[in-house]
Amino acid sequence: MFSLRARIILESSFMAAFGTIALLIAFALAGYNLLAGILALRWIATGQPAPISPERLADTARRAGIAGFLAISAAAFALVWSVFANDFSITYIMEHSNRALPGAYKFSALWSGQEGSLLLWAWLLAVYGFVLRLTHKTDVKLYAYAGTILAGIQVFFLAVLVFAAPPFALYQGVTPDDGNGLNPLLQYPEMVIHPPMLYLGYVGFAIPFCFALGALMMRYPGEKWIKVTRIWTMVTWLFLTAGIFLGMHWAYAVLGWGGYWGWDPVENASFMPWLTGTAFLHSVMMQEKRGMMKSWNVWLIFSTFLLTLLGTLLTRAGLVSSVHAFAQSSIGTWFVVFMAIVLAVCIFTYVLNRSHLKTEHHLESLVSRESSFLFNNLVLLVACFVILWGTLFPVISEYVVGNKVTVGAPFYNRVAVPIGIFLLLLTGIGPLLPWRAASFKSIRRNFVLPVIAFWVTVIVCLAVGVKPWKDGALDQGNFYALVAFAVSAAVMTAILSEFLRGANVISKQTGRNIFTATWLLTRRNTRRYGGYIIHIGVVIVVIGLAGSAFNRNVESELALHDKMNIGPYTLECVGFSQDSNLNYNSEFALLDVSSGGKKAFQMSPEKRVYLITGQPQTMVAIHSVPSWDLYVVYEGTNPDSGQPIIKAYLNPLVGWIWAGLVVLVIGTLIALVPSLSPSTASLRVPVRTGPGTTPGEPALKGGRL
Amino acid sequence: MIAPKRGDIWMKALQAGILAVAVCFSLGATDASSRYNSLNHRLMCTCGCSEILGECNHVGCPNSTGELKELSAGIESGKTDQEILDGFVVKYGAVVLAAPTAHGFDLVAWIAPFAVFGAALLGTILLVRRWSVGRTAPIAVDIATLDPAERERRERIRRDTGE
C-alpha cells in the first residue's frame, strides 16, 4: 500500500500529488483530532492528573479539525482543477470526464464516480465539522464531545479515500488523449445539484448523531442538546428532502418512462433516513415539552445515521441490483465494519448511561397530542421497516432458499401506500388534539369540519368518475387515489382551521384583517405554524402522487403532418431533424400541439447519442399545467420507414408534487426563523384597546397561543 | 312541531352520505378490461434495467419487445393470468415477477410488514394504556378561588378561543 501511495506521489501530475498529500494530511489531522479529543475528554471526565492541560489538548484537537477542513478542501479543489484541466493521467478523471464535456458537468464529475463521491462526502463532513468547531463556544464541553465523535467518522471516510478508493490514482499505461466522458444520464441540470443536496442531507445527519452520542456519553443534563441540534437536524432534513425531490424530477425528466419514483433500492436508501429523521423531528418535541421518549429519540438519531451509512453501502457495494449502484467493490466491507463499530459504540454507550434517559412523564391518554406523536413515530418507523425489508428481501430470499426474487413497485404499492395514507391521516389528526388528554367535546368540535371535507371529497370524486371499482373488481390505483384525495382534503381542512382559529384570535386582539393576523400568528410561533405549512406541502405532494393512478399514454409512428391524440391535446408532427455538436448527435421531432382546435404550443422531444460513450439518452419534452403534464418522448425512428416513434403521456397532477416541495421548503425555512419574542412582539403588534384588554397584554402572549 | 334531536340529524346526515356514495359508485359505465396493461406491470424487463416491463422504454432494449410479444401471445391464446406468469417464471426465473408470490418463503415478504405493524401498534396501545392506568384526571380548579387577574385571563382565553 505504501509503495502504491509513493508511486502516486512520485509519478503523478502536480495536482494529483497535491490532492493525495492533502488527503494524507487531512487523514493525519482527523486522526489527531480523534485521539487527542478522546484523551482530553477522558482526563476531564475522570479528573486524572494529566501531563498537559486537558482543556488545551481538547482545543488543539478542535483546531486540528478546522485545519482538516482546509486540507480536504484542498483535495477537492485538486480534483475539480484536474477535471477542468483534462488531466487524464488520473484514472478517475479519465473515467468520468472528457474534453467536450460542458463546464457544469465537468464540475459534477466530482460526484459521478465512487472515489469522487466519497471525497464529496468527506468534504461536506468537513464543512459541517468546520462550522461545528467554529461555534464551539455555545457549549464548549458538548461541542468537544461532538467534535471528537465527528473526527472518528472523518477518520473512517478519509481512510477509505486514502487506502481503498483513492481519487488521485494514476492511469496505468499511456495517458489517453481523451476521457470516457460522463454517463449521459448524469448530463442534466438537476444532476449538478441533486447529488450535493442529497449528500448534504446524508452527511448532515452525522451532526445530530454526534451531539446525541456525545450528550449521552457525558450524561448531559437537560434537553439543551436537542435545542442545539434542532437547526442542524432541520437544515439537514431540508437538504435531504430537496435532494430526494430533485432526484425524482431528474428521473421524471431524463429516464423517459413517465414516472418519478421506481422503488429502486438506492431511492429507497435515501428515503429510509428521511423517514427516521422525520420521526426524530416530531418526537424531540415530546422530549422538549414533556421530558418523554428520551431513549427513543437517541435511538432514532442513531438509526438515522446508520441508515445513511447503509444507503451509502447499498450504492457503493453492489449489495442489491440497482440502476444507481456502482460496480461491486471492496469498500462494501469497509462500510459493514464501520457500521458494526458505530452500532457497538451506540449500544455500549446506551447500556452504560441509559439511567440518564429516564422519562419524566408518561402518556396520560390514548387520545392526546403525545399519543399522536407516538403513533406518527410508529407509522414512520414501520414505513422505514417496510422499505428496508423490501430492499433487502431479495438478498434474504437468496440466502435462505437460494432463490432470488424481485421486490418492485407492485409490492410497495400494496404495502407502503396504505401506510403512507395512514400517516397522512395522522398528520391531520395530531394538530387537532391537545397535549395530555382530549375531551370528547373538543374532539367533536375539532373534527367536524375535516370529517365533512373527507366525505364531500369522496362524493365529488365518485361523481366525477374516480371509481375504486372496475369491472366488478377493486381497482387498487383508483381506490388509493380516492382515499388519498379524501384524506388530503380532511387534513388540509384541519390545518387551515387551525390557522383560522389562531388568526381569528389575533384579528380580534389587533383589529388587523385575517391575512395579516395569519402572518402575525405564524411569526409568533414559527415552529408550530412552519410545521403546519410543511404539512400543507406534504398534502399537496400526496395529491400529486395520487394523480399517477390516472396516467395514460399513447404511442405512434408519426410521418410529417400525422397526428396523434391524447386527452384534450392533438399532436401534429411538423418536422423531424438531426443535429450534432462536439458532445453528442441528436434526433428530434417538432410537434405542434393543439387544444380545442387551436394551436397551443410546440414541443420538441429529442434523443441524443453521446459521441464518446455511444450511449443514447432521452430528452423528454414536458408541458406542465396544474391539472396535468403532457410528457412526450422521442422513442427513436422506425428503421424501415425512417419516421420518428413518439410516445405521449398525460400525467395528471404531477406539477403538484413540485409545488408541494416549494411549500415544504418555505414551511421549513419559516420553522427555522426564531419566533417573535414577547418583547419584539410588543413593538410590532399594535394593540386595539378595548374592554378587558390593556395595551401591554398581547405582547405578554407573544410566544404561544 | 317537535324539533328533531341533534343525534337524529347526525344519523340522517350519515345515511344521506352513505346513500350518496352508493349512488356515485353505481353511476357511469366501467372501462373495458386491460389485462395486457395489468400483466405487463406485474412483470420485470429482464435486460437488467430494473424496470417494470410495461414501463421499460429505453432505446434499443434487447428484451422488452420480445417479452411483450410473448405476453400478447399468451393473452390471445386464452391462457389465464397465472398460466402466463408461470410461463414467464419457467423461462426467465422468479426475478421476472415484479413482486414476490404468495407462496412458500415469498409469503414472508408480504406477512412481515403487516405483522410488524400490528405488533408495534398493539405494543404501543398496551404501553399507553399501562401508563395511563391509575392516573387521576387533572384536578378541576375552583374558579372562585382564583385571583381576579387570573379569572379575567381565563375568561378572555375562553372568549377568544370560543370555548
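The values are calculated or read from the model by the stated rules, or taken from the named source; none is laboratory data. Source: prediction; values computed, not measured. Neighbour counts run over all protein chains shown; Cβ positions are idealised from the backbone, glycine included.
Some observations on this one:
- Here the helices (runs of 4 or more DSSP H) wholly within the stretch A:427-531 that include at least 1 residues being farther than 23 Å from A:ILE657 by Cα and under 30 Å from the mean Cα position of the chain (by Cα) are A:476-510, A:514-524.
- Residue match in the stretch A:269-290 (condition: more than 27 Å from A:VAL342 (Cβ to Cβ), in contact (Cβ under 8 Å) with a residue 60 or more places away in the chain and within 14 Å of chain B (Cβ to nearest Cβ)): yes
- Residue selection: A:GLN643 satisfies the criterion of being over 24 Å from A:SER548 (Cα atoms), more than 10 Å from chain B (Cβ to nearest Cβ) and modelled with pLDDT under 90.
- Qualifying residue in the stretch A:448-457 (condition: crowded, with 22+ Cβ neighbours inside 10 Å and touching a Pro at 6+ places or on another chain (Cβ under 7 Å)): no
- Candidate set: the stretch A:590-627, residues that are among the polar types (S, T, N, Q) and more than 14 Å from chain B (Cβ to nearest Cβ); chosen: the one farthest from A:TYR569 (Cα to Cα): A:SER604
Residues are listed down the side, and each one gets a yes or a no for (1) assigned by TED's automatic domain parsing to the domain that holds A:SER89; (2) assigned to a helix (DSSP H, G or I); (3) surrounded by fewer than 19 Cβ atoms within 10 Å (Cβ to Cβ):
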| residue | (1), (2), (3) |
| --- | --- |
| A:GLY19 | yes, yes, no |
| A:LEU24 | yes, yes, yes |
| A:PHE27 | yes, yes, no |
| A:ALA30 | yes, yes, no |
| A:GLY37 | yes, yes, no |
| A:ARG42 | yes, yes, yes |
| A:ILE52 | yes, no, yes |
| A:ASP59 | yes, yes, yes |
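- Identity of the residue in the stretch A:399-411, part of a helix (DSSP H, G or I) and over 14 Å from B:PHE114 (Cβ atoms), that ends up farthest from the other protein chains (Cβ to nearest Cβ): A:TYR399
- Filter result for the condition that a residue is touching a residue at least 60 places away in the same chain (Cβ under 8 Å) and more than 27 Å from the chain's Cα centre (by Cα), over A:ILE93, A:ILE149: A:ILE93
- Residue match in the stretch B:114-130 (condition: assigned to a loop (DSSP other than H, G, I, E, B), more than 7 Å from chain A (Cβ to nearest Cβ) and farther than 22 Å from A:ALA383 by Cα): no
- For A:ILE459, the conditions (1) touching a residue at least 12 places away in the same chain (Cβ under 8 Å); (2) facing another protein chain (nearest Cβ under 7 Å); (3) more than 30 Å from A:SER270 (Cα to Cα) all hold with the exception of (1).
- B:LEU97 falls short on exactly one of the conditions (1) more than 7 Å from every other protein chain (Cβ to nearest Cβ); (2) under 15 Å from A:THR406 (Cα atoms); (3) buried (at least 17 other Cβ atoms within 10 Å of the Cβ), and that condition is (1).
Residues are listed down the side, and each one gets a yes or a no for (1) in contact (Cβ under 8 Å) with a residue 40 or more places away in the chain; (2) within 24 Å of the chain's Cα centre (by Cα); (3) crowded, with 19+ Cβ neighbours inside 10 Å:
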residue	(1), (2), (3)
A:PRO167	yes, no, yes
A:ASP178	yes, no, no
A:LEU185	yes, yes, no
A:PRO189	yes, yes, no
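- Each residue in the stretch B:81-94 was checked for being surrounded by 16 or more Cβ atoms within 10 Å (Cβ to Cβ) and either touching a Pro at 6+ places or on another chain (Cβ under 7 Å) or charged (D, E, K, R) (or both), and 0 pass.
- The one condition in (1) at pLDDT 90 or above; (2) of a type in the set (Phe, Trp, Tyr); (3) in contact with a strand residue (DSSP E or B) (Cβ under 9 Å, 6 or more places away or on another chain) that A:PHE157 fails to fulfil: (3)
- Residue that is farthest from A:THR312 (Cα to Cα) [pool: residues in the stretch A:247-272 that are of a type outside the set (Phe, Trp, Tyr) and touching a Phe, Trp or Tyr at 6+ places or on another chain (Cβ under 6 Å)]: A:GLY258
- Hits in the stretch B:100-113 (condition: exposed (fewer than 14 other Cβ atoms within 10 Å of the Cβ) and either at pLDDT below 90 or within 7 Å of chain A (Cβ to nearest Cβ) (or both)): B:ALA102, B:HIS103, B:GLY104
- Elements of type strands (runs of 3 or more DSSP E) in the stretch A:532-613, at least 3 residues being in contact (Cβ under 8 Å) with a residue 24 or more places away in the chain and surrounded by 18 or more Cβ atoms within 10 Å (Cβ to Cβ): A:569-580, A:584-595, A:606-610
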